[in-house]
Each structure stands twice: as C-alpha cells, then as structure tokens.
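The structure appears right after this line, and notes come after that.
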Amino acid sequence: MADLRPILLVEDNPRDLELTLAALAKCQLANEIVVARDGAEALDYLNGRNAYADRQPGDPAVVLLDLKLPKVDGLEVLEQVKTNPVQRQIPVVMLTSSREERDLLRSYELGVNAFVVKPVDFNAFFEAIQDLGMFWAILNEPPPRGNGHG
Amino acid sequence: MNDVTTDPTIDLDACAAEPIRIPGGIQPHGALMVVDPVTLEVLQASSNLPDVTGLVGGLPEALAAELRDWAASDSPAFMRTMAVGARNLQVSAHRTAQGLIVEFEEPPASGVEARDMLYLRLRQFLEAVGEVDDIPAIAAIAVREVRALTGFDRVLLYSFDAEGVGTVLAENGNEVLPSYLNLRFPAADIPAQARELYKLSRLRLIPDANYEPAPIEPPLSPLDGRPLDLSFAALRSVSPVHLEYMRNMGTGSSMSISILVEGELWGLISGHSRDPRRVDAQVRTACDVLGQILSLQIEAREQAVRTADRLALKNVEAELVAKLSTALNYQTGLGDNAELWKQLARAEGAAVVTEEGVLSVGSAPPEDQIRRIAERLSEMDVTELAIESMAQRWPETEAFAERASGLLAVSISQIHSNWLMWFRPEVIRTVEWAGEPQKQRELGDRLHPRKSFQLWKEQVRLRATPWGQVDVESARSFRSSIQNFVLRRAEERAELTNRLVEINKELESFSYSISHDLRAPFRHVVGFAELLNDRAGERLDPTSRHYLQSITDAALSAGQLVDDLLNFSQLGRAGLKFSRVDVSKLVAEVRRSMEPELEGREIEWRVGALPSAWADPAMIRQVLQNLLHNALKYSAGRNPAIVTIEGEDLSDSTSYTVSDNGVGFDPAYAHKLFGVFQRLHRSEEFEGTGIGLALVKRVIDRHGGTITAHGVVDGGASFTFTLPKRLRAEHPE
C-alpha cells in the first residue's frame, strides 16, 4: 500500500467543516486531514509557501474543495491546480451546495475529477464522502513521478 | 412643395413665339432715340422722331449736356420736362447695353399744380389704406385712386391664383365699359412671357389700341447687331395679339400696373377707356408709386394672415404633441385626438399608414384606398405631396371625391412606406369666367385672342379648397414631432429592455445565492441532529428521540422545498432543447425509477399507445415524473391503485392523459391546482411542497401547450396535457 498522503479539505463554513470532518472520521481513514479555510490558504499549502513553507513535500491524495470560498474561490483554485503541469494530476473533488448547472459545467471544463452536491440528508452526505474518501484517498494511486516514490 | 395641378394650359403663348421685348417699333404717341452713352452720337431712332420732336440729326446741346451729366451719375433714370428745340417735351432716358434710350412725349398739362395734386392724392391713398384691413377693401381704394388719377372709364384690380387665373377683386368705373367685378380671366390671357416682363417693368400704357407702330431705324443696334431691346421703354410697341384682345374687349386705351408681392406677380391694376386716352409721365409715376405702396400693403397683410394661421396651427400642434406624449403609441394618440389631428392641416379627415396598419379619422377614403394612395406616393418617390384634386391625378379616386378630394401627405419614415395624410372634401364651386375658357382652348388659330368676354359660369368639381403654405408647413413640422416621438419611444423601449436584462441578472444571482446559502443551514441542522443521534441516541428517552427525528424531518422537508423552488425558477430560465421524444419509452423509464418506492403496493398500470412528442425530453420527463408521482401518491389507499396513461394524436398537437382512482379533488378548487404552494390536501395526509403541478404547468406553458385537470372527491383525478406539433419551417431537423 502506498504511503498515506494527506487529504486537503478546503472549507470556509465552520459547520460544514465540522460535519465533513465528522463524515471523514466515520470513514475511519488513516489519512491526515489538512484543513484550509479559504482558496488562498489552499494554494499556499499546495505550493508549499507562506504558512506551509516548511511542510513536508508531496501532493495531497485528494483535494476536497468547496465552491464558494473567500479570497480565492473554489473554481479559481481548481483552475490553478489543473493548469499547473506539476499539480494537474492531483484529484480535485468539488463540494458544493449549488445545484447550478453552470457551476457544474464550469468545473468540468476546468478538469474537476468529481462534483458532489452536498445533500441536505446527512446520511447521503456521509455516504458520498465515504465513497470519495475511499476512492481517492486509498484506492487511487498517484501516477508515477519521474524520480519515483516510496 | 405645392404641387401645381395646372390644366394643360390654354396659353395663347403666341407670346412665347412673339418677341414682345423686341417689337422693332414704338407706339407713335411719343418718339425714341438711342444714343451712344459716351459720345451721345445717335445710333437709332424711331421713324416719327422728327414729327414728335422737330429734331433732325443730333441732340440739341442743352439736352446733350444734361444727358451727359446724368449718364456719368448713378441716378437710375432720367426724367425732365424741358425745351427741346422749339418744343417743350417730357424727356426720359434709361441705360441699356445697346445705348441710352431717350424717349420724348408731350409734357403734362400743367406743371407744378398738377404735381402737388398728385402728392396729395398719394397721401390720401396712404391714409385710406391704413384704415382698412382686408385686401379687397384696399383694392377698392386703389382702383378708385387710380381712376381719379388717370381718368380711365374703368379700373380693375386682378389677383392671380397659383395657376395664373386672374380674379377681379375690385373695380371702379363710370359704366361706359361693362363691369367685370368677380369674374375670372384664364391664365392664358396674360402669357408667361408677358408675366415675366411685368415683373421687370411695372407699368404699361397703350393710349390708342388702333395705333400704327413707328419703326426703329435702323432695326438692328449698331453696337451689338441685334434688334433693340425695349423691355424698359415706356413707348414699347405691344403685341398685335394684345391690341386685338383690347379691341375685342371694346377698349380703345389701357394702362396696367404690376402688383408684386414677395417678388411674384400677385396681380395687376388695369385701367381701360373705350376711347384713346393719354396718361402723362408724371401721373404714370404716381400710379407706379401707388402700385408699390399697394404691393407693400398687400404683402404686409398676407404675412399677417399667414403668421396668424401659422400661430394657430402651432398651438394645435403643441396641444396634440402634449397629448401624444402620454399615449401608448402615436397612432393611438392620434386616433384619440382626432379633432386636433385634423385641425393641424385644417382638414376634414386624416389617416396614418404604418406597417401596423391604417388608422383614419373623419372624412377620409376607405382603408384599402388609403393604402393604395400610400403605395402611389411611394412609387412617386416623394416625401410630401399637397394636391387639391386627387381625381385629376388618379381618376379612380373620383369614387370617394365627395369625402376626400384634397390630399396633403408627408412621409414619416425613410425606410418604410409610412405616411401621415390629411384630406379635404370636394367643394363644388361656381366660377364666373369672363368668356368660356374651354372655347379659348378650342381656338384653332392661336394668334387670334378670344373674342368673347361674355359671362360664363362653370361648376368646378372634384376639387377641394387648396392647401395653403401654412398647412404644408404645419404638416412638415408635425412630421418631425412624430419622428421624435418614435425615436423617443424606441429609446424608452431600449432602456426598458436593459432594465429587464438587469433585473433578470439580479434574479439569477439571487437564486444562485439562495441555492448555495439557503440550503446550507438545513443541511447543518440535519447533519448535527444525526451526529447527536449517533452519539446520544441510545441514551435518549423516546420523546427526545421523537423530537430529534422531527428536527431532522423538518429540515429535510425545508431543504426539499428549496430544491423544488430552485428547480421551478430554473425552468423559467433554461433554454428548451427540442427533439422528437418517444413518450412511451419515457413513461417506462419514469415507472422504473419509481419502483423502489412502490414496493408492497398493488398497482395496476394501464398504458395505452402514446404518440411521440416534439419537446424538450428532460422537461417532459419532469412532467411525467410529477404526474405519475401524484397519481401514485393520491391513490395510495386504493387496492389496487389504477394508473391510466393514454395518448391521442390530434391534427396540430399530441395529447396525453394521466388518471388515477385516488382521492381526487373538489372540482371547485381545480383552478388552484397549478399555483405555486397551492395544496388541496392537508400536509399530514399527503406530503409534498405544493410546487409539483406549478412546475408541470410551467413546462407545458413553455412548450406552448395546455394542461387541464378533472377530479371528483374520492373519484380519482385526471390530468391532460397537449403539446403542439412541430412547425416544420421553424425547427428543421
């Protein structure tokens, strides 16, 4: 089994954050969960700068990204990740309250890996997070890097 | 642009052919010589010069000296009473390109006394015309004064209309000659060339209609080799045709004075005597001055009348424009203010022709004829037209001439054939002619003027009162108002459209933020309630667990409500993607998707043959989902529940009916079924947000279809919707 790389959760709403963390906890994933509270912080983490200048190198296993975020919003973070040749293979899952078609279309245009409309029903949300967590955090092997890993 | 509808004129323009300015001779009551302007050498002379003046050879020294002084001055004309050789003569001179023309006549009867008398008369004339207002009254004073000055048997004042027809406005006479008051003289009586000359040279005298002209010798000017131009010579010999005209009229002598108004020949004062009559140069000058005073007076009064008319019409226009500004569109505004609209051009009827149709008020032609007139105007490629007889131009319009003969039309669009029109009805008039004009027309020999001046009455038909310049100007000005109005409305519409686009954007961002922000709290409520249940559920007493469940249920249904509402509002905005929809297949799919909810229920499906539809498949799926969902929901208590789905292929639509054997509804409330949040059942009986049928109706409306509901309490419900068939031309596959 590959090294368990962290999950980057980008969420500004404290209640959503707590619920999502609870759902992830229920999945009993061993991955570390890194929380960023806005788009700028997320990009800092991804690029290892500012507050994250000293973090251990390596990309997260998956980014769970809220669409509406302060400073730099979710779509913009997604765009930066997916247009960055080094980061583009990082799986990004969009989490959103929105059922708006244009958000969905825009996300897919930008190369999102999955798009989850947060359901009102907590159990449904839990299931969605669990599926995602399992798939991206555990099963989904990162593509081999030039210098290899592990 | 007043369209002058002149008859194919009877012009006796013998004139056109006749050299009235270069007759080659003079009237023999005086004599004429032409002298070189520098050397004063005699270049030409009338054959009667020695008889009249006693001069043979050159100019007497005294006259030569005076002429030389005058020729060097800038005084326009020379006039003296002086001794010429042995005789006392009236000498006048004017400059021409062919030399100085010097004319000799017998002097006025008595010198200074007569002159004082003339000034007195002129002053009296001025005072008299100052006291009257209307033109006929001024004309009456003028003819009285001219007769007193000249002693003619009869003095007439004619005015000419646009076509040159003269009408006798005033007359003063001693009854030796017949009265012509109010009679008309055809335009041809004064040929065009003569009219031109009358504008240049204001006074003509023919003391004896039976004169023999005295020829000019030599006939051609030594200076330019051409016949001598006598345009400005008082003694100019007139056309033999004119002399014959005078003799036919029974007059032996005549004098006429031009009345020029704004540079045009407005009319003539013309004096006649049965016998020959001389009018000396001083009296002629006095008459000329009188004519000029009269011209100015007429001009002033005509302008006053025109200004008053113009002002009145401007007021009408201002009032109408004010009314239009509050109207829905200018056509409606015009129709609602028909009186003002007609008054604007002093008409009896009016119409407006646009792409939207024809609107007419008052005495106007039938609608199809108005349309036809607009077509003709467009074919003519004009932007305005004012005619008093449409029948003369377009004979078939005679059918409605009684209602509308005169037409004043202005175009109000550069792109379309849009016209504003005014109509005036036929005015049948009896016109009294001095002689029958038609007879003149039939005269074979054009060099013979008419012989009859007998009163002849004519009925003028198919003609309206002519449009005045003020009417045309008023119509023109109103055209700009209408064009401005149309422009302003277009701007307002554009502004409204912008505002709508803005509002739509706001609405969209509103619903966008609702979809994000309003759902979140419900999600949180449900989430935390579940977490609490996970952690403490086992420790809670049943009542507390019930409360917790209620919190979750309430938040879930509120979340569902938000989702439904958003779905509903998105339906109004999303574009329809039409295609051929296999409705049978769609029904099967929807049924399959519902199967999990229906476990344990006994349901009898009765699905008939369903025609395919031309629709947006995703939206029709929503319709079927909602209708089937309702059918199953309200038949929940039946065993078995029967759901029937039938279709019908109609000529221009397809129709589908979903019915059930459920609880039905009270038909009295059928109209409330399709409103948002309208529910006919208590929520604990049947759950739902009250949006489903509103959504169904919206989808069907957007497809251009219809939906109806039938129900009986406890007797089931049925919903029928129709979808229009595809219009081949609009949606090519």
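The values are calculated or read from the model by the stated rules, or taken from the named source; none is laboratory data. These figures come from a predicted structure and were not determined experimentally. Glycine gets a Cβ as well: all are built from the backbone with ideal geometry, and neighbour counts include every protein chain shown.
Looking at (1) within 14 Å of chain A (Cβ to nearest Cβ); (2) in contact with an Asp or Glu (Cβ under 6 Å, 6 or more places away or on another chain), can you tell me which one B:VAL470 breaks?
Only one criterion is unmet by B:VAL470, namely (1).
May I ask you to list the residues in the range A:1-15 that are away from chain B (no Cβ under 14 Å) and crowded, with 18+ Cβ neighbours inside 10 Å?
A:ARG5, A:PRO6, A:ILE7, A:LEU8, A:LEU9, A:VAL10
List every residue pair whose Cβ atoms lie under 6 Å apart, where the two residues are 6 or more positions apart in sequence or sit on different chains, the first residue falls within the range A:82-101 and is farther than 30 Å from B:LEU565 by Cα, and the second residue, located anywhere, is part of a loop (DSSP other than H, G, I, E, B).
Sorted first by the residue in the range A:82-101, then by its partner, the pairs are A:LYS82/A:ARG88; A:LYS82/A:LEU110; A:LYS82/A:GLY111; A:GLN89/A:PRO143; A:ILE90/A:ASP59; A:PRO91/A:ASN113.
Only one of B:LEU67, B:LEU63, B:LEU32 is touching a helix residue (DSSP H, G or I) at 6+ places or on another chain (Cβ under 8 Å) and buried (at least 20 other Cβ atoms within 10 Å of the Cβ); which?
B:LEU32
Right, B:THR326: polar (S, T, N, Q) and within 14 Å of B:ILE482 (Cα to Cα) or not?
Yes, satisfied.
Could you tell me whether the range B:335-356 includes any residue that is surrounded by fewer than 16 Cβ atoms within 10 Å (Cβ to Cβ), at pLDDT below 90 and assigned by TED's automatic domain parsing to the domain that holds B:ASP471?
Taking every residue of the range B:335-356 in turn, at least one turns out to be surrounded by fewer than 16 Cβ atoms within 10 Å (Cβ to Cβ), at pLDDT below 90 and assigned by TED's automatic domain parsing to the domain that holds B:ASP471.
Tally up the residues in the range B:615-642 that are surrounded by fewer than 18 Cβ atoms within 10 Å (Cβ to Cβ) and within 57 Å of the chain's Cα centre (by Cα), please.
Residues that pass the stated criteria total 2.
Quick check on the range A:15-22. Is at least one of its residues among the β-branched types (Val, Ile, Thr) and not in a loop (DSSP other than H, G, I, E, B)?
Yes, because at least one residue in the range A:15-22 is among the β-branched types (Val, Ile, Thr) and not in a loop (DSSP other than H, G, I, E, B).
Before we move on, is B:SER295 under 30 Å from B:LEU205 (Cα atoms) and in contact (Cβ under 8 Å) with a residue 12 or more places away in the chain?
yes
Which of the helices (runs of 4 or more DSSP H) found entirely inside the range B:488-601 contain at least 2 residues meeting this: away from chain A (no Cβ under 11 Å)?
The qualifying helices (runs of 4 or more DSSP H) are B:542-573, B:583-594.
Closer than 30 Å to B:LEU556 by Cα and either at pLDDT 85 or above or not assigned by TED's automatic domain parsing to the domain that holds B:VAL623 (or both): is that true of B:LYS697 in this structure?
yes
Sort through B:ILE373, B:ILE415, B:ILE387 and tell me the only one that's β-branched (Val, Ile, Thr) and in contact with a strand residue (DSSP E or B) (Cβ under 6 Å, 6 or more places away or on another chain).
It is B:ILE387.
Name the residue, out of A:GLU18, A:GLU32, that is farther than 16 Å from A:VAL116 by Cβ, surrounded by fewer than 18 Cβ atoms within 10 Å (Cβ to Cβ) and within 14 Å of chain B (Cβ to nearest Cβ).
Testing whether each residue is farther than 16 Å from A:VAL116 by Cβ, surrounded by fewer than 18 Cβ atoms within 10 Å (Cβ to Cβ) and within 14 Å of chain B (Cβ to nearest Cβ) leaves just A:GLU18.
Does A:ASP54 count as away from chain B (no Cβ under 14 Å), assigned to a loop (DSSP other than H, G, I, E, B) and over 22 Å from A:GLU109 (Cβ atoms)?
Yes; evaluated as a whole, the condition is true for this residue.
Residue by residue through the range B:150-198, note down the ones that are at pLDDT below 90 and among the basic types (Lys, Arg).
B:ARG184, B:ARG195, listed by residue number.
Tell me which residues, restricted to the range A:78-101, are away from chain B (no Cβ under 13 Å) and within 10 Å of the chain's Cα centre (by Cα).
A:LEU78, A:ILE90, A:PRO91, A:VAL92, A:VAL93
Quick one: which residue in A:GLY74, A:GLY39 is in contact (Cβ under 8 Å) with a residue 60 or more places away in the chain, buried (at least 19 other Cβ atoms within 10 Å of the Cβ) and either more than 14 Å from chain B (Cβ to nearest Cβ) or farther than 16 Å from A:PHE125 by Cβ (or both)?
Unique residue meeting the criteria: A:GLY74.
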